Amino acid sequence: MRSPQDALYALVSDWPVNGGVHQQRAIDFCRAWLAGRMPVETVRQAFILAALEAGVAINDDEDGAEAAVPVS
């Protein structure tokens, strides 16, 4: 993900498992970031926990951006 906005889209539209505690927390944190109330690193950590919860692999690129890849 390039930004919490991208992460929010993935969490809401493309997430393979819905209803997870970490998924909802990550959604809330992304929305808080959009409102200027949450640091980006906190959002990143919440997204990683949501990915672990859903079995989604995270691949960091050289710029530190994550790419979420569903694990089959």
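Assorted remarks:
- When the residues of the range 36-57 are filtered to those that are among the small types (G, A, S) and part of a helix (DSSP H, G or I), the one that is surrounded by the most Cβ atoms within 10 Å (Cβ to Cβ) is A50.
- Taken over the range 33-62, the criterion of being β-branched (V, I, T) and free of Cβ contacts under 8 Å to residues at least 24 places away in the same chain is satisfied by T42, I48, I58.
- Residue within the range 13-29 that is over 20 Å from D60 (Cα atoms), out of contact with any Pro (no Cβ under 6 Å at 6 or more places or on another chain), open to solvent by 70 Å² or more (accessible area, probe 1.4 Å) and among the charged types (D, E, K, R) present: yes
The values are calculated or read from the model by the stated rules, or taken from the named source; none is laboratory data. Quantities reported herein were computed from a predicted structural model and do not represent experimental measurements. Note that we place each Cβ from the backbone using ideal geometry, even for glycine, and neighbour counts take in every protein chain shown. Protein only, heavy atoms only, side chains kept; ligands, DNA and RNA dropped before computing areas. Shrake-Rupley method; radii C 1.70, N 1.55, O 1.52, S 1.80 Å.
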